[in-house]
Amino acid sequence: MVGLKVLDRKLLRNLRGMAGQGLAIALVIAGGISLFLLMAGMTGSLSETRRTYYERYAFADIWAPVVRAPESLRADIRAIDGVRALETRVRDAALLDMPGMIEPATAEVISLPDHRAPRVNDVHLSEGRLPDPGHRSEVVVLDAFARAHSLAPGDEISATLRGRRVELEVVGVALSPEHVYAIAPGQLVPDDRLFAVLWMSRDALAHATDQDGAFNEAVIRLMPGASEDAVIDTLDRLLAPYGAPGAYGRDLQFSDVFLSSELNQLVTMSRILPPIFLFVAAFLVNVVISRIIAVEREQIGLLKAFGYSDLDVLTHYLKLVGVIGLVGLLLGSGLGIALGRWMAAQYAQYFHFPFLIFRADPTTFLLGALITLIAVLGGAAMAARSAFRLRPAVAMVPAPPADYSRAIGASISKLRLIDPQSRMVLRQLFRFPWRGGLTLLGVAASIMLLVSTLFFLDSMQVMIDTHFYQANRYDVAVSLVEPRERRAFHELARVPGALTAEPYRHVPVRLRHGPREETIALIGVPRDAMLSRTLNAENEPVEAPPGGLVLSADLAADLDVELGEQVEVETTQGRRMVRQLPVSAIITSYIGSVAQMELRALNRLLEEGAVVSGAYLVVDPAQNLALFEELKAAPGVAGVALHSLAAENFKAILDQSLGWSIFVYVLFSGMIALGVIYNSVRITFAERARELASLRVLGFKRGEVAYVLLGEIALLTLLALPVGCLGGIGLAFYLSEAMASDVYRLPFVIHISTFAAAIGVVVVIAIGSGLIVRRQIDRLNLVEVLKTRE
Amino acid sequence: MSSSPQSCFETRGLTKVYGEGDAAVHALRGVDLQIPEGELVVLLGPSGSGKSTLLNILGGLDSASGGSFRFRGEELSEANTSRLTHYRRNHVGFVFQFYNLMPSLTAEENVDLVTEIAPDPMPSLEALDLVGLAERSHHFPAQLSGGEQQRVAIARAIAKRPDVLLCDEPTGALDSATGIRVLRALLDANERTGSTTVIITHNAGVADMADRVLFFRDGDLHEERRNAQRVPPESLTW
């Protein structure tokens, strides 16, 4: 310590003396900073990566699907005001038969322009080359699918495209901005083995799908500042004669919707979590510094008497918290970067970018440092003000005993049933209500975070149970290339292993109510459907009068429509027709939006006879091999969605990545509880050591003395439990609302076990902190404490 | 060894050593003394002479390094922590230089602290009355003067009807007029409750109110004197 100024030496010794408390505060700061860096950094990294990726690979602004439009329309589309770039293409679905996998994989097949790179929705080749237009069997495969099946250029794939079996040759592996989150339509969680994107030459794909000289999708990039709605309107008018279900923007593009919803969640969490940690840190710094100043009152007087200026004294204490803040900032930065890298690796599993590096830019660090500085110095400055104001003569005289006569609690002295020790506990609380109140809030904040974090597990479980096991109880959904007569359903019902089957009809429609409009697939299911049920919020089946529409609550809200009101339904495929239908039931759906009606009523409406689009099947898993072999070979089958496998994938995600995130948040919430409770007990002990020693001298047993000390924090913790639980309920509700997206909505459900777990964590921390200080009571040196003047 | 029945405290070769080796400090170097029941004893001596160490051992706040210490014939030098707690709880009243009142409790409640755990206490108000503070029983320490706070401390000490009342510099922080009031309270307590009372003081004048005066020097009893007549506190030369 040679070379240090005396005051700085004192500072180092002070820090050594309060190492435990300082560390507890630094940990809380570290928690706030690491979450801030993690979330701000991750939000920045994700959105920057997305922006660059979309820009470099010309990600579309508008998708306009049609049934079949002549290529000659290009010029008309290109001429629409606001269109910057246009690509017409062919896009179709295929089933793939992959070696070593009994289930069929679903593929989206997209054409690439011949002899040039796409102007919109370019691909990033990670291996190999683009397909040669002269070779119709050549394909480029989505990177994730290639990795899942160890595919490399030169390998072959068997596919069923438009009912025809084709052998394809892999010539390249690629990523695309359209498939950052690559999942089969209707799925939630990616399964790289089961979903593929294949890019073929335009000539090859057009030939295979009878789209020669035509296209079935236009993708468009807009001029900066162009109106998306206006362009969509013009496009819809232009394409309507060619069977267009309606153009849509990025807000309905699956991959981008998932990515945006993830970013939205990050932003929501980053608004809530770091401020709580930093508020708690500021409070802890405040109480600890107040305590140090109270203890060092006479030293402060002495320093001032020696001629140290007020500013010297103030700076001294600010330096002390500066060190704690710095430790917290360094710990938090390290932790934040480590967590950020871990999270980026997690994201890389689900979001496929050519590059995704977690990078917190210098401004994020500076902002983090600034926030720490404000929190810590703010907390300290409030406390240090009193040291600043102390006059030397006053400071050197011992402080008079704290005046309890004016505290509200003084009136408790009339209640004879309260024993003096309990009275001491209560009066301490009433005498310093703001401190007790803030301690209570700190502990409550910890419980609140625990409850609202664990809420995700409860909510997701309900979501999975409702969606996969209560509402949609099938194992496999088979879709046909085009609507077929009912006989096709009976064929599907007889596939090997099928135990139960239910037909469904799928019609793309536009729903209108007043100025509101939504594009969705209207599903027709039989009356009393058992495999695809409509449920209310209590998971009870909803009996809907036939002939009406059953809408999920989110869709009803988007359309601003209530039960019994009329909705205009316009079919956008096949024969166009517009009908007014009443809303006959509003149901609960946590995943996706639902518009359903009774199958026969739907068919009557469409005037197409008794046709089906596919079937839901419950199958015998023992016969999966035969089942999938048959489906893969069936010419009329366009897609096979493996529902039960999707449920398993969803659960796996919960167990893995969400499980880890929740572990991290629980750890951090625990750090808050530890910081608040441990510091509170330590400070109370330091402040009351003399009283406690006096009680020991008077003949009180150690347990009785511990009660006076720990009763206060025990009472505050007890009071904090309901406050924290209520806060947790509120925060969970807010999160369930704030994080709702078109993709899914978090059911607002908190199990009793969640409250129990949150309370358990905090109570264990409180007892642990109590036991540490209890040992210090046992070691209290009675003689020394009493002989020294406080 | 048997002790005389009228003896309250008896020590034989009592030693107390703080630290070890070269750093060892011998606070008590083999003290032999006897304090009879009911007497008011004053301990005099310079700082570091061992009088506070002795008082702490007599009060069960500290344990001896060697020798024997008996209270009413009961050997306490080897007593463990909980036996010492029990001893303090049932037999000892303390008064300290810095009062050591609980700031969050009123005068009466400070006394209640003791009466609630003592086997045969007097009512708290009676104890406060003994020190002349019955009418201030609902005041908090912050509302009392130094002398009043010390008298509350005395009331707290005597309320349990202690067998021994141990006072370490009870007037050390007080002016003379207040000091005399405090000493009067101690004397009254001694006379009315019959507690054996030991007072440590720097003020040689106080010695005249005692039955017996013990002079300490360098960790040992240097001289013992019996006063033929106790002088009332009001007549002490301060």
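The values are calculated or read from the model by the stated rules, or taken from the named source; none is laboratory data. Just so we're clear, the structure is a prediction, and the values are computed from it rather than from any experiment. Neighbour counts run over all protein chains shown; Cβ positions are idealised from the backbone, glycine included. Remember, those area values only see protein heavy atoms, side chains included, never the ligands or the DNA or RNA. Shrake-Rupley method; radii C 1.70, N 1.55, O 1.52, S 1.80 Å.
Structure data summary
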item	result
So A:V123, is it open to solvent by 10 Å² or more (accessible area, probe 1.4 Å), of a type in the set (V, I, T) and out of contact with any Cys (no Cβ under 8 Å at 6 or more places or on another chain)	yes
Identity of the residue in segment B:88-123, open to solvent by less than 10 Å² (accessible area, probe 1.4 Å) and among the hydroxyl-bearing types (S, T, Y), that ends up nearest to the other protein chains (Cβ to nearest Cβ)	B:S104
All positions within segment A:614-628 that are of a type in the set (S, T, Y) and surrounded by fewer than 24 Cβ atoms within 10 Å (Cβ to Cβ)	none
Residues satisfying the stated conditions in segment A:8-44, i.e. within 27 Å of A:V257 (Cβ to Cβ) and either charged (D, E, K, R) or surrounded by fewer than 24 Cβ atoms within 10 Å (Cβ to Cβ) (or both)	A:A40, A:T43, A:G44
Checking A:H490 against (1) loosely packed, with under 15 Cβ neighbours inside 10 Å; (2) free of Cβ contacts under 8 Å to residues at least 24 places away in the same chain; (3) touching a Leu at 6+ places or on another chain (Cβ under 9 Å), the condition it does not meet	(3)
Residues (at the interface with chain B (Cβ under 8 Å from one of its Cβ atoms), assigned to a helix (DSSP H, G or I) and open to solvent by 10 Å² or more (accessible area, probe 1.4 Å)) located in segment A:687-701	A:R690, A:E691, A:R696
Qualifying residue in segment A:209-221 (condition: in contact (Cβ under 8 Å) with a residue 24 or more places away in the chain and more than 30 Å from A:S158 (Cα to Cα))	yes
Matching entry among B:G73, B:G66, B:G60 (being more than 25 Å from B:N227 (Cα to Cα) and open to solvent by less than 10 Å² (accessible area, probe 1.4 Å))	B:G60
Residue list for segment A:343-356, filter: open to solvent by 30 Å² or more (accessible area, probe 1.4 Å) and either closer than 21 Å to A:E178 by Cβ or touching a residue at least 60 places away in the same chain (Cβ under 8 Å) (or both)	A:M343, A:Q346, A:A348, A:Q349, A:Y350, A:P354, A:F355, A:L356
Test: residue in segment B:54-62 that is more than 10 Å from every other protein chain (Cβ to nearest Cβ), within 16 Å of the chain's Cα centre (by Cα), of a type outside the set (A, V, I, L, M) and farther than 24 Å from B:P121 by Cα	no
Matching residues, segment A:146-193, being of a type in the set (A, V, I, L, M) and in a strand (DSSP E or B)	A:I157, A:A159, A:L161, A:V166, A:L168, A:V170, A:V171, A:V173, A:A174, A:L175
Boolean, A:V761 is within 14 Å of chain B (Cβ to nearest Cβ) and farther than 19 Å from A:G437 by Cβ	no
Residue in segment A:36-56 that is over 25 Å from A:V321 (Cβ atoms) and touching a strand residue (DSSP E or B) at 6+ places or on another chain (Cβ under 9 Å) present	yes
Segment A:702-730 - residue that is open to solvent by 10 Å² or more (accessible area, probe 1.4 Å) and more than 44 Å from the chain's Cα centre (by Cα) and, of those, farthest from the other protein chains (Cβ to nearest Cβ)	A:G703
Close pairs from segment A:678-696: first under 16 Å from A:L23 (Cβ atoms), partner among the basic types (K, R) and open to solvent by 10 Å² or more (accessible area, probe 1.4 Å), Cβ under 7 Å, at least 6 apart	A:I683/A:R291
Breaking point among (1) under 35 Å from the mean Cα position of the chain (by Cα); (2) farther than 22 Å from A:R193 by Cα; (3) not charged (D, E, K, R), for A:L645	(2)
Within segment A:171-224, tally of residues that are aromatic (F, W, Y), touching a strand residue (DSSP E or B) at 6+ places or on another chain (Cβ under 7 Å) and more than 30 Å from A:S72 (Cα to Cα)	1
Selected residue [on the phi < 0 side of the Ramachandran plot and in contact with a strand residue (DSSP E or B) (Cβ under 9 Å, 6 or more places away or on another chain)] from A:H352, A:H316	A:H352
Subset of segment B:128-155 that is of a type in the set (G, A, S), open to solvent by less than 30 Å² (accessible area, probe 1.4 Å) and modelled with pLDDT under 90 - its residue that is farthest from B:L165 (Cα to Cα)	B:G146
Residue count, segment B:65-82 (criterion: touching a Gly at 6+ places or on another chain (Cβ under 9 Å) and within 12 Å of chain A (Cβ to nearest Cβ))	0
Selected residue [free of Cβ contacts under 8 Å to residues at least 40 places away in the same chain and open to solvent by 10 Å² or more (accessible area, probe 1.4 Å)] from A:R385, A:R359	A:R385
Total residues in segment B:156-177, condition away from every other protein chain (no Cβ under 12 Å), more than 16 Å from B:A107 (Cβ to Cβ) and either at pLDDT below 90 or open to solvent by less than 10 Å² (accessible area, probe 1.4 Å) (or both)	10
Strands (runs of 3 or more DSSP E) contained entirely in segment B:6-110, each with at least 3 residues that are aliphatic (A, V, I, L, M)	B:25-36, B:40-44
Unique match (being open to solvent by less than 60 Å² (accessible area, probe 1.4 Å) and on the phi > 0 side of the Ramachandran plot) among A:G514, A:G497, A:G436	A:G497
